[in-house]
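One structure below.
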Amino acid sequence: MIYNESGADMLELTVTDPYPSDYSEAVERANEERDNQEYPDINTDIPDLSQYDTVYLGYQTWTMTLSNPMISFLLDHGSDLSGKTIYPFSTNAGYGEGNTIERIEELAPDASVVKSFSIQDEDLLDNQEQVSKWLNEN
Ligand SMILES: Cc1cc2nc3c(=O)[nH]c(=O)nc-3n(C[C@H](O)[C@H](O)[C@H](O)COP(=O)(O)O)c2cc1C
């Protein structure tokens, strides 16, 4: 949906060891990783980020914070986002974006973070209009 508006390049973050499709098992693994501060390996080749001024950063709310793969990405590349404008967007299961913006600001301290967009996963489809409104407001 953001691509429809902006034509931005798109990159999907994937992890080397995918999470279980069973929800409880995924939560269990995610909690264990967070407790141990051991976040998953990303197996996406990250391009040279210096070519971009604006980054639309998409993730899920997990345990009212950033999903673990996004934490991995920002631990590795947060400093590459210095001086850039970040548009944070996320899906959640009804409880909102939690402290995700604060975490982005901690992990990419020299980026400029604009007002975020978060939507309940099941409401996302057919909501191009809301996405466009958010993009145009910022
Ligand atoms: C490990 C885990 C933890 C989650 N914790 C939350 C949460 O704290 N609050 C919430 O609203 N949704 C939570 N969810 C639901 C996800 O936010 C939701 O399934 C996701 O945004 C849907 O996007 P996806 O299809 O890309 O996974 C959690 C999901 C998982 C797998």
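The values are calculated or read from the model by the stated rules, or taken from the named source; none is laboratory data. Quick caveat, the model's predicted, so the values are computed rather than measured. All Cβ positions, glycine included, derive from the backbone under ideal geometry; neighbour counts span all protein chains shown.
Here is how the numbers come out for the structure above:
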{"quantity": "Breaking point among (1) in contact with a helix residue (DSSP H, G or I) (Cβ under 9 Å, 6 or more places away or on another chain); (2) closer than 21 Å to ARG29 by Cβ; (3) charged (D, E, K, R), for ASP121", "calculated": "(1)"}
{"quantity": "Single match in SER72, SER118, SER90, SER50 (criterion: at pLDDT 95 or above and in contact with a Pro (Cβ under 6 Å, 6 or more places away or on another chain))", "calculated": "SER72"}
{"quantity": "Residue satisfying all of: in segment 90-121; away from the ligand (no atom under 13 Å from the Cβ) and acidic (Asp, Glu); farthest from ILE71 (Cα to Cα) among these", "calculated": "ASP110"}
{"quantity": "Sole residue being more than 9 Å from the ligand (Cβ to nearest atom), among the hydrophobic types (A, V, I, L, M, F, W, C) and assigned to a loop (DSSP other than H, G, I, E, B), chosen from LEU125, LEU57, LEU74", "calculated": "LEU125"}
{"quantity": "Qualifying positions in segment 1-19 - surrounded by 13 or more Cβ atoms within 10 Å (Cβ to Cβ), more than 30 Å from GLU129 (Cα to Cα) and not hydrophobic (A, V, I, L, M, F, W, C)", "calculated": "TYR19"}
{"quantity": "Residue in segment 21-38 that is small (Gly, Ala, Ser), exposed (fewer than 14 other Cβ atoms within 10 Å of the Cβ) and within 15 Å of the ligand (Cβ to nearest atom) present", "calculated": "yes"}
{"quantity": "Subset of segment 1-20 that is of a type in the set (Asp, Glu) and in a loop (DSSP other than H, G, I, E, B) - its residue that is nearest to the ligand (Cβ to nearest atom)", "calculated": "GLU12"}
{"quantity": "Near pairs, Cβ below 6 angstrom, 6+ apart or cross-chain, from segment 105-133 (basic (Lys, Arg)) to any residue that is away from the ligand (no atom under 11 Å from the Cβ) and in a loop (DSSP other than H, G, I, E, B)", "calculated": "LYS115/ASN138"}
{"quantity": "Scope segment 43-74; condition closer than 21 Å to ILE119 by Cβ and either of a type in the set (Asp, Glu) or free of Cβ contacts under 8 Å to residues at least 24 places away in the same chain (or both); matching residues", "calculated": "none"}
{"quantity": "Residues of segment 92-126 classified as more than 18 Å from TRP62 (Cβ to Cβ), more than 13 Å from the chain's Cα centre (by Cα) and surrounded by 13 or more Cβ atoms within 10 Å (Cβ to Cβ), total", "calculated": "3"}
{"quantity": "Failed condition for TYR87, given (1) outside any loop (DSSP other than H, G, I, E, B); (2) among the aromatic types (Phe, Trp, Tyr); (3) within 15 Å of the ligand (Cβ to nearest atom)", "calculated": "(3)"}
